[in-house]
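Asker: Would you mind keeping the following structure in view while I ask a few things?
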Amino acid sequence: MRQSNKGPISLLKEDNSYLHIYFLSSYKYFFMEANNSRRNFISKAAVIAGGQVLLAKPLLSMTPFVSGFNESFTVGQVMDKFISEVPSGILKETVDTLKSGHKEMEVKGIVTSAFATVEVIKKTIEIGANFIIAHEPTFYNHLDDTAWLKNDSVFEYKNDLLQKNNIAVWRNHDYIHRLSPDPVTSSFLEKLNWKQYTTKAIPSLATLPSMHLEQVIAYLKEKIGIQQVRYIGDLQQDCSKLLFMLGAVGSKAHFTGLRQIKPDVLICGEISEWETAEYIRDARSKGDKVSLIVLGHIASEETGSEFMATWLKSKFPSINTTFISSGPSLSFL
């Protein structure tokens, strides 16, 4: 999810889903938060881990922060330092909780990754690190609810791997998206060398010299290092206005972006095929000049974990920090 730090001035309600639109710079910039099935911030949000309910609690402690080359730090101090730099401050309702370990653990090394997969955990153990900062869930659902995974062999294997090796896992999703500009999007655009084509007013919109849709797709594949994308559109269509809505912000946010910005191409991480894809298809049949490129969730947001590693190295130089790519979950023939 994405949230502006300025607060909403408009609130719409459609089919029991809330859509917040944030306006800055005389209504020229908007930022959406769609409260859909995946990004569902319920008032009783809790993460159930190992049969225990871990309610979201204030994470900032009274422990003073000191940075240098000889200090040691706890998991909690690292978490607190990052949260202290987020303009919105501590979130009362968030999925950004510890999925394994505890705040008092001394950090021996940090790994950042999109997902704390079994392979990422094993590599973490190999390099002697004990703290993973992941952007996405560890246990297969947005809230990391594990009650439904009782006696599941895959969950038990992964959870035992973490517990036996004393690995802490913190999900940093809501907080990182609340930095301004959102480093997940800005780092992605930097990787493409397209940040120069954006503005402060709308940092998720790149206005480029005209390219064919086919050229846009080829460039994205080359720069991100992915085999294929899914798309809707005419490969010879001229494209200049590219709207980036990475990850899984939800179809209502997609629709709002399309209505407000009217881009030539919407570039996103993942979609519900029966929602955004059908909307784009019908829009094209209506005569709208619009295309869709679906990159895949990890491919679209993994640069955020690279940003996180860079941030940690600057703030905690005494801690060995490593970015490990979780890689795509799907392969293509």
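Asker: Please specify each residue of the stretch 283-295 satisfying the condition of being within 18 Å of the chain's Cα centre (by Cα) and surrounded by fewer than 19 Cβ atoms within 10 Å (Cβ to Cβ).
Answerer: none
Asker: Restricting attention to the stretch 81-133, and to residues there that are part of a strand (DSSP E or B) and touching a residue at least 60 places away in the same chain (Cβ under 8 Å), which single residue is surrounded by the fewest Cβ atoms within 10 Å (Cβ to Cβ)?
Answerer: Checking each candidate, the answer is Leu98.
Asker: Could you grab me the full set of residues in the stretch 135-171 that are buried (at least 20 other Cβ atoms within 10 Å of the Cβ), within 18 Å of Val75 (Cβ to Cβ) and touching a helix residue (DSSP H, G or I) at 6+ places or on another chain (Cβ under 7 Å)?
Answerer: Hits for the stretch 135-171 are His135, Leu162, Ile167, Ala168, Val169, Trp170.
Asker: Sticking with this structure for a sec: Check Ile271, Ile261, Ile298, Ile280 and return the single one that is within 17 Å of the chain's Cα centre (by Cα) and without any contact (Cβ under 8 Å) to a residue 60 or more places away in the chain.
Answerer: Unique residue meeting the criteria: Ile271.
Asker: Going by the structure shown, is Ile267 touching a helix residue (DSSP H, G or I) at 6+ places or on another chain (Cβ under 9 Å), of a type in the set (A, V, I, L, M, F, W, C) and either modelled with pLDDT under 95 or outside any helix (DSSP H, G or I) (or both)?
Answerer: Answer is yes for this residue.
Asker: Step by step: first the residues of the stretch 218-253, then only those that are among the basic types (Lys, Arg) and in contact with a strand residue (DSSP E or B) (Cβ under 8 Å, 6 or more places away or on another chain), then the one that is nearest to Lys289 (Cα to Cα). Which residue is that?
Answerer: Lys241
The values are calculated or read from the model by the stated rules, or taken from the named source; none is laboratory data. Keep in mind that this is a model prediction, so the values were computed, not measured. Glycine also receives a Cβ, built like all others from the backbone with ideal geometry; neighbour counts cover every protein chain displayed.
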